[in-house]
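Heads up: the structure comes next, in structure tokens.
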């Protein structure tokens, strides 16, 4: 459109500033394995990028291992490892071993110690048949095993893992979890893990930090979290034949299937009520199930704006 003063655009850009995270404050002890969780857009990856020095904070301060990540990034990177599940650390077209050699040069590693380190990881992660294959030819699970090994070659004191098991099959996830747990325990490496896979959290992390719309809404032990949000247990009983539940237990029935019953029982009433449920008929099998962490997190998502 042309006006009296020349051409004018029908479209124009408006900018606005968005604070992704707000007043986040936490400290981490040496050797901790922390699960940093929250819904999409909560600020997890932004926090990791701040902690690794990729992003500059607009306010506040960050100290890791005595370094300020964004101003001392060169010295700092010698002491940390980083794995982004959707971005490769390894060169796409060259063999894995060549990428490892590149990292050896970058971190100025002693040749003998480097070879010993690669040998350890080759055995622990079963990399022997992968080292001479170009990265582009590896499966996702194979690549992630190599990525994690690469991030640990220089013996970092802290490692940041952003969705390291995303898209992996069950076996690959198990292998990676087992390796991370071993490294954490044996080398006292501090690990901060972001993930949407609640099995990662349950199997690996004693402490979790839950972030929602840029704020920390929970920071504590996994056990405490479960105790706070899990009010009931599922008691599953398979009777010899269908039973008639008395009125007193009717409200506890969660689901039925012929002679199989699932009762929702308050945690503090379990010891008292389970024997009474077993007296309803001859039982063939009984099991008690705690809700999964995934179910607890759904509750937290629903109440995510509530501060601790």
Residue match in the stretch 43-65 (condition: over 30 Å from residue 211 (Cα atoms), part of a strand (DSSP E or B) and in contact (Cβ under 8 Å) with a residue 12 or more places away in the chain): no
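Mind checking which residues of the stretch 53-83 are closer than 16 Å to residue 193 by Cα and in contact with a helix residue (DSSP H, G or I) (Cβ under 8 Å, 6 or more places away or on another chain)? First the steps, then the outcome.
Pass one, the stretch 53-83, residues closer than 16 Å to residue 193 by Cα: 64, 80-83.
64, 81, 82, 83, listed by residue number.
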Residues located in the stretch 74-93, provided they are surrounded by fewer than 18 Cβ atoms within 10 Å (Cβ to Cβ) and farther than 17 Å from residue 138 by Cα: 74, 75, 78, 79
Helices (runs of 4 or more DSSP H) enclosed by the stretch 67-135 - at least 1 residues per element that are farther than 25 Å from residue 45 by Cα: 96-106, 111-125
From the options 60, 81, residue that is more than 15 Å from the chain's Cα centre (by Cα) and on the phi > 0 side of the Ramachandran plot: 60
Condition check for residue 193: over 22 Å from residue 103 (Cα atoms) and either modelled with pLDDT of 90 or more or in the same structural domain as residue 104 (by TED's automatic domain parsing) (or both): yes
Residue 209 surrounded by 15 or more Cβ atoms within 10 Å (Cβ to Cβ), at pLDDT 95 or above, assigned by TED's automatic domain parsing to the domain that holds residue 127 and within 12 Å of the chain's Cα centre (by Cα): no
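For every residue, the table says whether it meets (1) in contact with a strand residue (DSSP E or B) (Cβ under 7 Å, 6 or more places away or on another chain); (2) in contact (Cβ under 8 Å) with a residue 40 or more places away in the chain.
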residue	(1), (2)
192	yes, yes
197	no, no
200	yes, yes
208	yes, yes
217	yes, yes
222	yes, yes
226	no, yes
229	no, yes
234	yes, yes
Single condition residue 239 does not satisfy, out of (1) buried (at least 16 other Cβ atoms within 10 Å of the Cβ); (2) at positive phi: (2)
Residues satisfying the stated conditions in the stretch 58-73, i.e. exposed (fewer than 14 other Cβ atoms within 10 Å of the Cβ) and either in contact with a strand residue (DSSP E or B) (Cβ under 8 Å, 6 or more places away or on another chain) or over 16 Å from residue 158 (Cβ atoms) (or both): 58, 59, 60, 61, 71
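The values are calculated or read from the model by the stated rules, or taken from the named source; none is laboratory data. Here the structure is a predicted model, which means the values were calculated and not measured. Note that we place each Cβ from the backbone using ideal geometry, even for glycine, and neighbour counts take in every protein chain shown.
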